[in-house]
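Asks: This is the structure, below, for whatever I ask next.
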Amino acid sequence: MRRRSFLALTGLVAGLALAGCGGADGNAGALTFRNPLRIPPVLDPVPGADGVKRYPLRLQEGRTELLPGKTASTWGINGDHLGPTLRAKRGDRVAMSVTNGLGEASTLHWHGMRLPAAMDGGPHQMIQPGGTWSPEWTVDQPAATTWYHPHPHGQTSRHVYRGLAGMFLIDDDHDVALPRDYGTDDIPLIIQDRKFTPDGRLDESFGGTFGLLGDQLLVNGTYDPFFQVTTSRVRFRVLNGSNAHVYTLGFADDRTFHVVASDGGLLAKPAAVQRFRISPGERFEIVAAFTPGEQVLLKSFDGDSEVENGDYDVLKLVAAHQLSPSPELPDHLAHLAPPVEGTTVRTFRLNGTNINGQDMDMSRIDLVVPAGAHEIWELDNVTFSHNFHIHEVSFRVLDLDGGQPPEHLRGAKDTVFVPGKTKARLAVEFGRHADPRTPYMYHCHILKHEDKGMMGQFVIVQPGTEDSTARTLSTGHGHH
Ligand code: C2O
Ligand code: CU
Ligand code: CU
(Lines give C-alpha, C1' and ligand atoms only; values in the text may rest on other atoms or scores of the structure.)
(Ligands and ions follow the chains in the order given, each with its own letter.)
Protein backbone atom coordinates (compact mmCIF):
# COMPACT_ATOMS: atom_id res chain seq x y z
CA MET A 1 0.00 0.00 0.00
CA ARG A 2 2.80 2.42 0.92
CA ARG A 3 4.51 1.85 -2.39
CA ARG A 4 1.27 2.32 -4.27
CA SER A 5 0.41 5.62 -2.63
CA PHE A 6 3.98 6.81 -3.11
CA LEU A 7 3.68 6.13 -6.81
CA ALA A 8 0.32 7.86 -6.96
CA LEU A 9 1.61 10.86 -5.02
CA THR A 10 4.61 11.39 -7.21
CA GLY A 11 2.39 11.02 -10.23
CA LEU A 12 4.62 8.29 -11.67
CA VAL A 13 3.10 5.88 -14.14
CA ALA A 14 -0.36 5.58 -12.63
CA GLY A 15 -0.98 2.44 -14.63
CA LEU A 16 1.81 0.65 -12.80
CA ALA A 17 0.24 1.40 -9.46
CA LEU A 18 -3.16 0.26 -10.67
CA ALA A 19 -1.72 -2.99 -11.94
CA GLY A 20 -0.57 -3.71 -8.41
CA CYS A 21 3.02 -4.44 -9.36
CA GLY A 22 5.82 -4.22 -6.89
CA GLY A 23 5.07 -7.00 -4.44
CA ALA A 24 3.12 -4.82 -2.06
CA ASP A 25 1.57 -7.73 -0.17
CA GLY A 26 4.28 -10.38 -0.03
CA ASN A 27 6.39 -11.46 2.95
CA ALA A 28 9.72 -11.13 1.08
CA GLY A 29 12.55 -10.10 3.37
CA ALA A 30 10.51 -10.45 6.55
CA LEU A 31 11.40 -13.99 7.63
CA THR A 32 14.36 -15.36 9.61
CA PHE A 33 13.96 -19.07 8.71
CA ARG A 34 14.26 -20.36 12.22
CA ASN A 35 11.92 -23.36 12.14
CA PRO A 36 12.91 -26.75 10.72
CA LEU A 37 10.48 -27.76 7.99
CA ARG A 38 7.93 -30.14 9.42
CA ILE A 39 7.75 -33.44 7.49
CA PRO A 40 4.31 -35.09 7.80
CA PRO A 41 4.58 -38.68 9.09
CA VAL A 42 3.98 -41.46 6.58
CA LEU A 43 1.01 -43.81 6.92
CA ASP A 44 1.69 -46.92 4.81
CA PRO A 45 0.11 -49.82 6.69
CA VAL A 46 1.20 -53.43 6.36
CA PRO A 47 -1.54 -55.34 4.51
CA GLY A 48 -3.84 -57.50 6.62
CA ALA A 49 -4.18 -61.28 6.17
CA ASP A 50 -6.70 -60.52 3.41
CA GLY A 51 -4.11 -58.42 1.58
CA VAL A 52 -5.94 -55.14 2.26
CA LYS A 53 -4.07 -52.08 3.55
CA ARG A 54 -6.19 -50.30 6.16
CA TYR A 55 -5.80 -46.58 6.86
CA PRO A 56 -7.50 -45.28 9.99
CA LEU A 57 -8.13 -41.55 9.56
CA ARG A 58 -9.84 -39.20 11.97
CA LEU A 59 -10.89 -35.64 11.22
CA GLN A 60 -10.43 -33.71 14.45
CA GLU A 61 -10.23 -30.31 16.04
CA GLY A 62 -6.97 -29.18 17.61
CA ARG A 63 -4.78 -26.34 18.71
CA THR A 64 -1.53 -25.46 16.97
CA GLU A 65 1.24 -22.95 17.52
CA LEU A 66 1.35 -21.68 13.94
CA LEU A 67 3.03 -18.38 14.80
CA PRO A 68 5.72 -18.51 17.53
CA GLY A 69 4.25 -18.21 21.03
CA LYS A 70 0.65 -17.96 19.78
CA THR A 71 -2.04 -20.59 19.56
CA ALA A 72 -4.57 -21.09 16.79
CA SER A 73 -7.63 -23.34 16.61
CA THR A 74 -6.93 -25.73 13.75
CA TRP A 75 -8.26 -28.92 12.23
CA GLY A 76 -6.26 -31.97 11.30
CA ILE A 77 -6.36 -35.62 10.33
CA ASN A 78 -4.93 -37.90 13.04
CA GLY A 79 -3.45 -34.78 14.63
CA ASP A 80 -4.03 -31.11 15.36
CA HIS A 81 -3.19 -29.73 11.94
CA LEU A 82 -2.94 -31.22 8.41
CA GLY A 83 -2.72 -35.00 7.97
CA PRO A 84 -0.24 -37.83 7.47
CA THR A 85 1.31 -38.60 4.09
CA LEU A 86 -0.56 -41.67 2.89
CA ARG A 87 1.41 -44.06 0.73
CA ALA A 88 0.33 -46.99 -1.46
CA LYS A 89 1.65 -48.90 -4.41
CA ARG A 90 -0.03 -49.54 -7.73
CA GLY A 91 -2.01 -52.76 -7.32
CA ASP A 92 -2.59 -52.29 -3.58
CA ARG A 93 -6.08 -52.81 -2.23
CA VAL A 94 -6.64 -49.88 0.13
CA ALA A 95 -9.43 -49.44 2.69
CA MET A 96 -9.93 -46.06 4.32
CA SER A 97 -11.77 -45.66 7.56
CA VAL A 98 -12.58 -41.97 7.88
CA THR A 99 -14.13 -40.96 11.20
CA ASN A 100 -15.54 -37.49 11.58
CA GLY A 101 -14.54 -36.12 14.98
CA LEU A 102 -15.61 -32.59 14.06
CA GLY A 103 -18.76 -30.86 15.23
CA GLU A 104 -20.12 -30.68 11.67
CA ALA A 105 -20.45 -32.89 8.60
CA SER A 106 -17.59 -33.10 6.13
CA THR A 107 -16.09 -35.43 3.50
CA LEU A 108 -12.68 -36.60 2.42
CA HIS A 109 -11.92 -36.48 -1.30
CA TRP A 110 -8.93 -38.24 -2.90
CA HIS A 111 -7.82 -35.58 -5.37
CA GLY A 112 -5.97 -37.19 -8.29
CA MET A 113 -7.05 -40.73 -7.47
CA ARG A 114 -8.75 -42.81 -10.17
CA LEU A 115 -11.50 -44.75 -8.47
CA PRO A 116 -15.22 -45.57 -8.45
CA ALA A 117 -17.43 -42.51 -7.92
CA ALA A 118 -18.88 -43.81 -4.64
CA MET A 119 -15.34 -43.88 -3.18
CA ASP A 120 -14.41 -40.40 -4.40
CA GLY A 121 -15.36 -38.43 -1.29
CA GLY A 122 -17.13 -35.62 -3.10
CA PRO A 123 -20.20 -33.75 -1.82
CA HIS A 124 -22.40 -36.85 -2.13
CA GLN A 125 -20.35 -38.82 0.40
CA MET A 126 -20.95 -36.72 3.50
CA ILE A 127 -19.76 -38.04 6.87
CA GLN A 128 -21.91 -36.90 9.77
CA PRO A 129 -20.29 -35.92 13.09
CA GLY A 130 -19.32 -39.13 14.87
CA GLY A 131 -19.81 -41.14 11.71
CA THR A 132 -17.32 -43.28 9.83
CA TRP A 133 -17.03 -43.64 6.05
CA SER A 134 -15.19 -46.67 4.67
CA PRO A 135 -14.34 -46.47 0.96
CA GLU A 136 -12.20 -49.21 -0.53
CA TRP A 137 -10.53 -49.48 -3.93
CA THR A 138 -7.61 -50.94 -5.83
CA VAL A 139 -4.93 -48.39 -6.69
CA ASP A 140 -4.43 -48.61 -10.44
CA GLN A 141 -2.56 -45.67 -11.90
CA PRO A 142 1.07 -44.64 -12.43
CA ALA A 143 3.24 -43.35 -9.59
CA ALA A 144 2.13 -39.83 -8.68
CA THR A 145 1.80 -37.24 -5.95
CA THR A 146 -1.90 -36.93 -5.16
CA TRP A 147 -3.61 -35.42 -2.13
CA TYR A 148 -6.73 -35.50 0.00
CA HIS A 149 -9.01 -32.83 1.43
CA PRO A 150 -12.70 -32.31 2.37
CA HIS A 151 -15.35 -31.49 -0.25
CA PRO A 152 -18.62 -30.62 1.58
CA HIS A 153 -20.81 -28.58 -0.73
CA GLY A 154 -20.44 -24.87 0.04
CA GLN A 155 -18.01 -25.43 2.92
CA THR A 156 -14.79 -26.63 1.31
CA SER A 157 -12.93 -23.29 1.77
CA ARG A 158 -13.27 -23.26 5.52
CA HIS A 159 -12.56 -26.97 6.02
CA VAL A 160 -9.37 -26.94 3.96
CA TYR A 161 -8.22 -23.60 5.37
CA ARG A 162 -8.48 -24.86 8.94
CA GLY A 163 -6.01 -27.61 8.09
CA LEU A 164 -7.72 -30.63 6.57
CA ALA A 165 -5.28 -31.67 3.84
CA GLY A 166 -2.51 -34.17 3.27
CA MET A 167 -0.53 -35.90 0.53
CA PHE A 168 -1.23 -39.34 -0.88
CA LEU A 169 1.81 -40.76 -2.69
CA ILE A 170 1.43 -43.56 -5.20
CA ASP A 171 4.45 -45.70 -6.05
CA ASP A 172 4.84 -48.20 -8.85
CA ASP A 173 7.41 -50.68 -10.13
CA HIS A 174 8.62 -48.41 -12.88
CA ASP A 175 12.20 -47.87 -11.78
CA VAL A 176 13.49 -44.34 -12.25
CA ALA A 177 16.64 -43.01 -10.63
CA LEU A 178 15.04 -40.12 -8.77
CA PRO A 179 15.70 -39.24 -5.13
CA ARG A 180 13.24 -41.33 -3.08
CA ASP A 181 14.21 -41.25 0.56
CA TYR A 182 11.16 -39.56 2.10
CA GLY A 183 12.16 -36.78 4.47
CA THR A 184 15.81 -36.83 3.37
CA ASP A 185 15.98 -36.20 -0.38
CA ASP A 186 12.31 -36.68 -1.30
CA ILE A 187 10.49 -33.83 0.40
CA PRO A 188 6.79 -32.94 0.43
CA LEU A 189 6.10 -29.19 0.24
CA ILE A 190 2.48 -28.33 0.96
CA ILE A 191 2.36 -24.58 0.37
CA GLN A 192 -0.58 -22.71 1.88
CA ASP A 193 -1.21 -19.03 2.45
CA ARG A 194 -2.77 -17.83 5.65
CA LYS A 195 -3.92 -14.60 7.20
CA PHE A 196 -3.51 -14.26 10.95
CA THR A 197 -5.25 -12.14 13.54
CA PRO A 198 -2.87 -10.12 15.77
CA ASP A 199 -3.09 -12.86 18.44
CA GLY A 200 -2.06 -15.58 15.98
CA ARG A 201 -5.41 -17.17 15.16
CA LEU A 202 -6.49 -17.96 11.63
CA ASP A 203 -8.33 -15.05 10.04
CA GLU A 204 -11.30 -16.53 8.24
CA SER A 205 -12.53 -13.55 6.28
CA PHE A 206 -13.12 -15.08 2.90
CA GLY A 207 -14.43 -11.86 1.31
CA GLY A 208 -13.70 -10.61 -2.19
CA THR A 209 -13.84 -12.20 -5.61
CA PHE A 210 -11.31 -14.90 -4.81
CA GLY A 211 -11.92 -15.37 -1.12
CA LEU A 212 -8.87 -15.34 1.04
CA LEU A 213 -5.45 -14.33 -0.29
CA GLY A 214 -3.20 -14.57 2.75
CA ASP A 215 -0.07 -12.52 3.36
CA GLN A 216 1.82 -15.31 5.17
CA LEU A 217 2.82 -18.76 3.97
CA LEU A 218 3.01 -22.07 5.75
CA VAL A 219 4.92 -25.02 4.29
CA ASN A 220 3.71 -28.34 5.69
CA GLY A 221 2.15 -26.16 8.39
CA THR A 222 5.55 -24.67 9.28
CA TYR A 223 5.88 -20.89 9.55
CA ASP A 224 9.29 -19.33 8.77
CA PRO A 225 10.82 -22.65 7.62
CA PHE A 226 14.25 -23.89 6.63
CA PHE A 227 15.28 -27.30 5.34
CA GLN A 228 18.69 -28.85 5.89
CA VAL A 229 19.89 -30.30 2.57
CA THR A 230 22.18 -33.34 2.98
CA THR A 231 22.31 -34.69 -0.60
CA SER A 232 23.58 -33.14 -3.83
CA ARG A 233 20.08 -33.31 -5.36
CA VAL A 234 16.68 -33.05 -3.72
CA ARG A 235 13.30 -33.94 -5.11
CA PHE A 236 10.51 -31.68 -3.86
CA ARG A 237 6.91 -32.74 -4.28
CA VAL A 238 5.14 -29.40 -4.40
CA LEU A 239 1.42 -29.14 -3.70
CA ASN A 240 -0.41 -25.83 -3.75
CA GLY A 241 -2.90 -26.45 -0.94
CA SER A 242 -4.07 -22.83 -0.83
CA ASN A 243 -7.64 -21.67 -1.27
CA ALA A 244 -6.90 -19.28 -4.15
CA HIS A 245 -3.29 -18.15 -4.19
CA VAL A 246 -1.23 -18.97 -7.28
CA TYR A 247 2.55 -19.15 -6.87
CA THR A 248 5.37 -18.72 -9.36
CA LEU A 249 8.17 -20.67 -7.73
CA GLY A 250 11.89 -20.43 -8.32
CA PHE A 251 15.14 -19.88 -6.47
CA ALA A 252 16.48 -16.48 -5.40
CA ASP A 253 19.57 -16.91 -7.62
CA ASP A 254 17.44 -17.95 -10.63
CA ARG A 255 19.22 -21.30 -10.90
CA THR A 256 17.85 -23.84 -13.35
CA PHE A 257 16.13 -26.90 -11.92
CA HIS A 258 13.97 -29.64 -13.43
CA VAL A 259 10.29 -30.46 -13.28
CA VAL A 260 10.04 -34.27 -13.35
CA ALA A 261 6.34 -34.89 -12.70
CA SER A 262 2.96 -33.17 -12.77
CA ASP A 263 -0.41 -34.05 -11.19
CA GLY A 264 -0.82 -37.45 -12.85
CA GLY A 265 2.77 -38.71 -12.71
CA LEU A 266 6.17 -38.52 -14.37
CA LEU A 267 6.86 -36.38 -17.42
CA ALA A 268 8.42 -38.04 -20.46
CA LYS A 269 11.70 -36.33 -19.62
CA PRO A 270 12.90 -33.71 -17.13
CA ALA A 271 11.89 -30.17 -18.11
CA ALA A 272 14.48 -27.50 -17.30
CA VAL A 273 12.93 -24.37 -15.79
CA GLN A 274 13.93 -21.41 -13.69
CA ARG A 275 10.40 -20.77 -12.53
CA PHE A 276 7.06 -22.53 -12.74
CA ARG A 277 3.53 -21.54 -11.83
CA ILE A 278 1.35 -23.68 -9.57
CA SER A 279 -2.33 -23.04 -8.86
CA PRO A 280 -4.44 -24.50 -6.03
CA GLY A 281 -4.77 -28.27 -6.27
CA GLU A 282 -1.91 -28.73 -8.73
CA ARG A 283 1.22 -30.75 -7.96
CA PHE A 284 4.64 -30.61 -9.55
CA GLU A 285 7.67 -32.64 -8.57
CA ILE A 286 10.98 -30.89 -9.09
CA VAL A 287 14.62 -31.90 -8.67
CA ALA A 288 17.13 -29.22 -7.67
CA ALA A 289 20.91 -29.50 -7.26
CA PHE A 290 22.86 -28.01 -4.35
CA THR A 291 26.53 -27.37 -3.61
CA PRO A 292 28.09 -28.03 -0.20
CA GLY A 293 27.61 -25.27 2.35
CA GLU A 294 25.38 -23.05 0.23
CA GLN A 295 22.17 -21.38 1.30
CA VAL A 296 19.44 -20.36 -1.11
CA LEU A 297 15.82 -19.27 -0.85
CA LEU A 298 12.93 -20.89 -2.62
CA LYS A 299 10.71 -17.96 -3.51
CA SER A 300 7.36 -17.13 -5.08
CA PHE A 301 7.52 -14.25 -7.50
CA ASP A 302 4.79 -11.73 -8.22
CA GLY A 303 2.73 -12.51 -11.30
CA ASP A 304 0.24 -10.79 -13.55
CA SER A 305 -2.99 -12.50 -12.48
CA GLU A 306 -5.38 -11.39 -9.72
CA VAL A 307 -4.48 -14.43 -7.62
CA GLU A 308 -0.81 -13.58 -7.29
CA ASN A 309 -0.08 -10.69 -4.96
CA GLY A 310 3.53 -10.05 -4.32
CA ASP A 311 6.90 -11.63 -3.67
CA TYR A 312 7.22 -14.32 -1.03
CA ASP A 313 10.03 -16.16 0.67
CA VAL A 314 8.85 -19.75 0.85
CA LEU A 315 11.65 -21.88 2.30
CA LYS A 316 15.35 -21.50 3.03
CA LEU A 317 17.52 -24.38 1.85
CA VAL A 318 20.65 -24.80 3.97
CA ALA A 319 23.15 -27.25 2.45
CA ALA A 320 25.46 -29.22 4.75
CA HIS A 321 29.21 -28.88 4.28
CA GLN A 322 29.30 -32.42 2.93
CA LEU A 323 26.55 -33.70 0.70
CA SER A 324 25.91 -37.36 -0.10
CA PRO A 325 25.98 -37.97 -3.83
CA SER A 326 22.60 -38.30 -5.58
CA PRO A 327 21.86 -40.18 -8.78
CA GLU A 328 22.31 -38.24 -12.02
CA LEU A 329 19.03 -36.95 -13.39
CA PRO A 330 17.84 -39.51 -15.98
CA ASP A 331 17.33 -38.36 -19.59
CA HIS A 332 14.04 -40.20 -19.86
CA LEU A 333 11.48 -40.64 -17.12
CA ALA A 334 8.42 -42.38 -18.49
CA HIS A 335 6.84 -43.46 -21.71
CA LEU A 336 3.96 -41.08 -22.34
CA ALA A 337 1.77 -42.01 -25.26
CA PRO A 338 0.74 -38.98 -27.32
CA PRO A 339 -2.57 -37.54 -26.10
CA VAL A 340 -5.61 -39.21 -27.67
CA GLU A 341 -7.90 -36.57 -29.15
CA GLY A 342 -11.42 -37.95 -28.88
CA THR A 343 -14.20 -36.94 -31.23
CA THR A 344 -16.60 -35.70 -28.54
CA VAL A 345 -15.87 -32.03 -27.91
CA ARG A 346 -17.43 -30.25 -24.96
CA THR A 347 -17.20 -26.54 -24.28
CA PHE A 348 -17.14 -24.96 -20.84
CA ARG A 349 -17.64 -21.24 -20.70
CA LEU A 350 -16.30 -19.86 -17.45
CA ASN A 351 -18.12 -16.61 -16.86
CA GLY A 352 -17.98 -14.93 -13.46
CA THR A 353 -18.32 -17.91 -11.14
CA ASN A 354 -20.60 -20.06 -13.26
CA ILE A 355 -19.97 -22.73 -15.88
CA ASN A 356 -22.05 -22.52 -19.07
CA GLY A 357 -24.41 -20.14 -17.30
CA GLN A 358 -25.27 -22.56 -14.51
CA ASP A 359 -24.46 -22.97 -10.85
CA MET A 360 -23.90 -26.36 -9.25
CA ASP A 361 -27.04 -28.38 -8.54
CA MET A 362 -26.50 -31.53 -6.49
CA SER A 363 -29.50 -33.17 -8.15
CA ARG A 364 -28.54 -32.40 -11.76
CA ILE A 365 -26.28 -34.61 -13.86
CA ASP A 366 -24.61 -32.25 -16.29
CA LEU A 367 -22.74 -34.76 -18.43
CA VAL A 368 -22.94 -38.48 -19.15
CA VAL A 369 -19.66 -40.00 -20.32
CA PRO A 370 -19.15 -43.54 -21.61
CA ALA A 371 -16.58 -45.57 -19.66
CA GLY A 372 -13.08 -45.36 -21.07
CA ALA A 373 -13.90 -42.38 -23.31
CA HIS A 374 -11.44 -39.85 -24.65
CA GLU A 375 -12.94 -36.38 -25.07
CA ILE A 376 -11.80 -32.88 -25.84
CA TRP A 377 -12.79 -30.32 -23.23
CA GLU A 378 -12.49 -26.71 -24.28
CA LEU A 379 -12.37 -24.13 -21.53
CA ASP A 380 -13.28 -20.60 -22.50
CA ASN A 381 -12.63 -18.28 -19.61
CA VAL A 382 -14.28 -14.98 -20.44
CA THR A 383 -13.78 -13.11 -17.16
CA PHE A 384 -11.26 -13.45 -14.30
CA SER A 385 -8.79 -16.21 -13.34
CA HIS A 386 -9.96 -19.73 -12.56
CA ASN A 387 -8.38 -23.12 -12.35
CA PHE A 388 -10.18 -26.15 -13.56
CA HIS A 389 -10.10 -29.57 -11.93
CA ILE A 390 -11.76 -32.79 -13.10
CA HIS A 391 -12.23 -35.70 -10.71
CA GLU A 392 -11.15 -39.23 -11.66
CA VAL A 393 -9.60 -38.39 -15.02
CA SER A 394 -6.15 -37.88 -16.41
CA PHE A 395 -5.87 -35.13 -18.99
CA ARG A 396 -3.24 -33.60 -21.20
CA VAL A 397 -3.16 -29.91 -22.02
CA LEU A 398 -3.33 -29.62 -25.81
CA ASP A 399 -3.01 -25.88 -25.94
CA LEU A 400 -3.25 -22.77 -23.83
CA ASP A 401 -4.81 -19.81 -25.59
CA GLY A 402 -3.93 -21.34 -28.94
CA GLY A 403 -0.27 -21.99 -28.13
CA GLN A 404 1.55 -25.17 -27.20
CA PRO A 405 1.93 -25.48 -23.42
CA PRO A 406 5.44 -25.30 -21.98
CA GLU A 407 7.22 -28.64 -21.67
CA HIS A 408 6.45 -29.11 -17.98
CA LEU A 409 2.69 -28.80 -18.71
CA ARG A 410 2.67 -31.58 -21.30
CA GLY A 411 2.38 -34.49 -18.88
CA ALA A 412 -0.62 -36.10 -17.16
CA LYS A 413 -2.71 -33.63 -15.18
CA ASP A 414 -6.02 -33.21 -13.37
CA THR A 415 -5.98 -29.46 -12.65
CA VAL A 416 -5.03 -26.54 -14.89
CA PHE A 417 -4.74 -22.80 -14.33
CA VAL A 418 -6.78 -20.74 -16.81
CA PRO A 419 -5.98 -17.02 -16.40
CA GLY A 420 -8.73 -14.50 -17.08
CA LYS A 421 -9.75 -14.07 -20.72
CA THR A 422 -7.85 -17.11 -21.95
CA LYS A 423 -8.75 -20.54 -23.30
CA ALA A 424 -7.42 -24.02 -22.70
CA ARG A 425 -7.99 -27.22 -24.61
CA LEU A 426 -7.68 -30.56 -22.84
CA ALA A 427 -7.53 -34.16 -24.06
CA VAL A 428 -9.34 -35.98 -21.27
CA GLU A 429 -9.10 -39.71 -20.59
CA PHE A 430 -11.95 -41.10 -18.46
CA GLY A 431 -11.88 -44.20 -16.29
CA ARG A 432 -13.83 -47.42 -16.53
CA HIS A 433 -15.74 -47.51 -13.24
CA ALA A 434 -19.33 -47.13 -14.44
CA ASP A 435 -21.99 -45.93 -11.99
CA PRO A 436 -24.94 -44.04 -13.50
CA ARG A 437 -26.23 -42.90 -10.09
CA THR A 438 -23.11 -41.43 -8.47
CA PRO A 439 -21.49 -38.38 -10.03
CA TYR A 440 -17.95 -37.12 -10.14
CA MET A 441 -17.26 -33.39 -10.01
CA TYR A 442 -15.53 -30.90 -12.26
CA HIS A 443 -15.02 -27.45 -10.84
CA CYS A 444 -12.95 -24.38 -10.28
CA HIS A 445 -10.37 -25.20 -7.57
CA ILE A 446 -10.38 -21.65 -6.26
CA LEU A 447 -12.32 -22.83 -3.25
CA LYS A 448 -14.55 -19.80 -2.89
CA HIS A 449 -15.68 -20.27 -6.48
CA GLU A 450 -16.28 -23.96 -5.89
CA ASP A 451 -18.29 -23.14 -2.76
CA LYS A 452 -20.31 -20.57 -4.71
CA GLY A 453 -21.31 -23.31 -7.15
CA MET A 454 -18.70 -23.14 -9.91
CA MET A 455 -18.99 -26.88 -10.26
CA GLY A 456 -20.74 -29.48 -12.39
CA GLN A 457 -21.36 -33.22 -12.17
CA PHE A 458 -20.72 -36.08 -14.58
CA VAL A 459 -21.41 -39.78 -14.43
CA ILE A 460 -19.49 -42.54 -16.16
CA VAL A 461 -21.77 -45.20 -17.66
CA GLN A 462 -21.50 -48.39 -19.72
CA PRO A 463 -20.99 -47.35 -23.36
CA GLY A 464 -24.33 -47.40 -25.18
CA THR A 465 -26.40 -46.49 -22.10
CA GLU A 466 -25.78 -42.72 -22.26
CA ASP A 467 -29.24 -41.90 -23.61
CA SER A 468 -31.12 -44.01 -21.07
CA THR A 469 -29.20 -42.55 -18.12
CA ALA A 470 -31.30 -40.40 -15.76
CA ARG A 471 -30.20 -36.76 -15.58
CA THR A 472 -31.57 -36.07 -12.15
CA LEU A 473 -30.71 -37.48 -8.76
CA SER A 474 -32.80 -37.40 -5.63
CA THR A 475 -30.50 -35.90 -3.04
CA GLY A 476 -32.96 -35.69 -0.16
CA HIS A 477 -30.68 -37.55 2.24
CA GLY A 478 -27.40 -36.89 0.52
CA HIS A 479 -27.33 -40.41 -0.88
CA HIS A 480 -28.97 -42.18 -3.75
CU1 C2O B 1 -9.24 -31.07 -4.94
CU2 C2O B 1 -13.01 -31.58 -6.30
O3 C2O B 1 -11.14 -31.29 -5.55
CU1 CU C 1 -10.47 -33.85 -7.07
CU1 CU D 1 -12.69 -19.84 -10.17
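Asks: Rounded, prolate or oblate: which fits the range 281-361, taking a ≥ b ≥ c as square roots of the Cα gyration tensor eigenvalues, rounded meaning a/c under 1.5, else prolate when a/b beats b/c?
Replies: The shape class here is oblate.
Asks: Report, in whole Å, the centroid distance computed from the Cα atoms of the range 79-111 and the range 281-307.
Replies: After rounding, the separation between the Cα centres reads 28 Å.
Asks: Same structure, new question: Amide H neighbours of residue 229 under 5 Å, counting only residues 5+ apart in sequence or on other chains, H built in-plane at 1.01 Å?
Replies: When sequence neighbours closer than 5 places are left aside, the close amide H contacts are 318, 319, 320.
Asks: Here's something else I'd like to know. Which residue, chosen from 468, 257, 298, occupies the Cα position most advanced towards the positive end of the dipole of the chain, where the dipole is computed from +1 (Lys, Arg) and -1 (Asp, Glu) charges on Cβ about the Cα centre?
Replies: The Cα lying farthest towards the positive end belongs to 298.
Asks: Then there's this: I want the local charge near residue 308. Using Cβ-Cβ distances under 9 Å, sum +1 for each Lys or Arg and -1 for each Asp or Glu among the other residues.
Replies: Net of charged neighbours comes to -2.
Asks: Could you state the number of Å between the C-alpha centres of the range 115-156 and the range 392-413?
Replies: 25
Asks: Can you tell me what share of the DSSP beta bridges in the range 340-480 is antiparallel? A percent to the nearest 5 is fine.
Replies: For the range 340-480, the DSSP antiparallel bridge percentage is about 75.
Asks: Quick one: Cα centre-to-centre distance for the range 344-369 and the range 212-227, in angstrom?
Replies: Answer, in whole Å: 34.
Asks: Can you figure out the FRET efficiency of residue 34 with residue 291, using R₀ = 22 Å and their beta-carbon distance, to the nearest 0.05?
Replies: After rounding, the FRET efficiency stands at 0.40.
Asks: Sticking with this structure for a sec: Along the range 102-114, what does the Karplus equation 6.51 cos²θ - 1.76 cosθ + 1.60 (θ = phi - 60°) give for ³J(HN,Hα), rounded to whole Hz, x for Gly and Pro?
Replies: Result, ordered by residue: 8, x, 8, 5, 8, 9, 9, 9, 9, 6, x, 8, 9 Hz.
Asks: Still on this model: Of all beta bridges DSSP finds with both residues in the range 108-256, what is the antiparallel percent, to the nearest 5?
Replies: Among the beta bridges of the range 108-256, antiparallel pairing accounts for roughly 65 percent.
Asks: Here is a further query. Scaled to the compact-protein estimate 2.2 N^0.38 Å, what is the alpha-carbon radius of gyration of the chain, rounded to two decimal places?
Replies: Taking N as the residue count of the chain, the ratio is 0.94.
Asks: OK, next. Determine the shape class of the range 115-160: with a ≥ b ≥ c the square roots of the Cα gyration tensor eigenvalues, call it rounded for a/c under 1.5, and otherwise prolate if a/b is greater than b/c, oblate otherwise.
Replies: Judged from the Cα gyration tensor, the range 115-160 comes out oblate (a/c at least 1.5, b/c at or above a/b).
Asks: In addition: Would you mind working out the accessible area per residue for the range 333-417, using a 1.4 Å probe, and quoting it in Å²?
Replies: Working: 3180 Å² over 85 residues.
Per residue, the range 333-417 has 37 Å² of solvent-accessible surface.
Asks: What residues of the range 96-140 lie in the reach of a label at residue 174, counting those whose backbone N is under 18 Å from a point 7 Å from the Cα along Cα→Cβ?
Replies: So the set is 112-115, 139-140.
Asks: Given the -39500 (n - 2.57) contribution per DSSP H run of 4+ residues, what per-residue ellipticity at 222 nm results for the chain, rounded to the nearest 500 deg cm²/dmol?
Replies: Here the helix-only value at 222 nm equals -1500 deg cm²/dmol.
Asks: With unit charges on the beta carbons (Lys and Arg positive, Asp and Glu negative) and the dipole taken about the Cα centre of the chain, which residue among 334, 355, 75 sits farthest to the positive side?
Replies: So the residue we want is 75.
Asks: With a Cα-only, solvent-free Debye model of the range 41-171, what are the log10 I(q)/I(0) values at q = 0.12, 0.13, 0.21 Å⁻¹?
Replies: Debye curve over Cα of the range 41-171, log10 I(q)/I(0) at q = 0.12, 0.13, 0.21 Å⁻¹: -0.44, -0.51, -1.25.
Asks: While we're on this one: Assign one of three labels to the range 344-461, namely rounded, prolate or oblate, based on the Cα gyration tensor with a ≥ b ≥ c the square roots of its eigenvalues; rounded applies when a/c is under 1.5, prolate when it is not and a/b is larger than b/c, and oblate otherwise.
Replies: oblate
Asks: By a straight-distance test (C-alpha under 18 Å), which lysines pair with residue 452 as possible cross-link partners, with residues fewer than eight away in the same chain excluded?
Replies: Result set, ordered by chain and number: empty.
Asks: Leaving out ligands and nucleic acids, note down the accessible area per residue over the range 41-171 with a 1.4 angstrom probe, in whole Å².
Replies: Value for the range 41-171: 33 Å² per residue.
Asks: Let me understand the range 184-274 better: what is its radius of gyration from the alpha carbons, and its Dmax, in angstrom?
Replies: 15.6, 48
Asks: Would you please give the residues with an amide H less than 5 Å from that of residue 264, counting only those at least 5 places away or on a separate chain, with H modeled from the backbone geometry?
Replies: So residue 264 has HN proximity to 412, 413, 414.
Asks: Let me ask something else about it. List the pairs from 195/448; 195/316; 316/423; 89/316; 316/448; 53/269 whose alpha-carbon separation is above 25 Å, in the order I gave them.
Replies: Beyond 25 Å: 316/423; 89/316; 316/448; 53/269.
The values are calculated or read from the model by the stated rules, or taken from the named source; none is laboratory data. In this text, all values refer to a predicted model and were calculated from it rather than measured experimentally. For neighbour counting, all protein chains shown are included, and Cβ atoms are generated from backbone atoms with ideal geometry for every residue, glycine included. Please note that ligands, DNA and RNA were not included when accessible areas were found on the heavy atoms of the full protein model with its side chains. Shrake-Rupley method; radii C 1.70, N 1.55, O 1.52, S 1.80 Å.
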